[in-house]
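This report refers to the structure that appears directly beneath it.
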Amino acid sequence: MGERLLFQYLRLLCRAIDAVNFWLGRGVAWLTVLVVLVVFINVLMRYLLHSSFVFMQELEWHLFAMIFLLGGGYTLLKDGHVRVDIFYQRLSPRGRAWLNLAGVLLFLLPGCYLVISTAMPFTNSSLQMMEGSPDPGGIPWRFLLKSMIPLGFLLIALQGVAMGIRSVLTIAGGKLEK
């Protein structure tokens, strides 16, 4: 009975992590529409009006960075990260689970920890000084963009935890619907 309750708790945790990354991924999809619109406006302004604004140029790369940082967990949820499938596709579900678990424990989580722990002092410094663009007319909230670095890797790490849990449940013979 205790093992069954533990499996239910782990399934619930996986679903909660999946839901967070799913909804953030949907929000990020709208950021892609916004970045296309900003680029389009920048091109029109530059070639038709022969002018441009630093704010709009910086907004392009701020949005682009947010798309990649906040979309990483969603990409992992949807199994969209690059993998060498030559061997993976030939493995049984338990073999895939073992490989996924090893990847999460040996590479994904330590890598995310490294980036988060390295980015935190950088991010805290930016937040404390309320860092903005050094360019006149630039975006005054650069600290918000720098905050996305640890947040994005936290989302990837959380999705990695869900992936690891699914792998453990598969190895243990527990069924886990995605």
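No lab work stands behind these numbers, since they all come straight from the coordinates. All values derive from a computational prediction rather than experimental measurement. Here the Cβ is made from the backbone with ideal geometry for all residues, glycine too, and neighbour counts use every protein chain on show.
Annotations
- Counting all C-alpha pairs of the chain, share separated by more than 28 Å (%): 39 percent
- Rounded FRET efficiency, nearest 0.05, which uses the C-beta distance separating Trp61 from Phe22 and R0 of 22 Å: 0.30
- Sorted by Cβ neighbour density within 10 Å, fewest at the top, the residues Phe55, Phe153: Phe55, Phe153
- Separation of alpha-carbon centers, region 32-51 and region 128-178, rounded to whole Å: 29 Å
- Potential lengthening of the chain between Arg94 and Tyr113 amounts to 4.2 nm, from the contour at 0.36 nm per residue minus the alpha-carbon distance.
- Charge sum, other residues only, whose C-beta stays under 14 Å from Tyr9's C-beta, Lys/Arg counted +1 and Asp/Glu -1: +3
- Extension gain, Asn42 to Trp141: 0.36 nm times the residue separation minus the Cα-Cα distance gives 33.6 nm.
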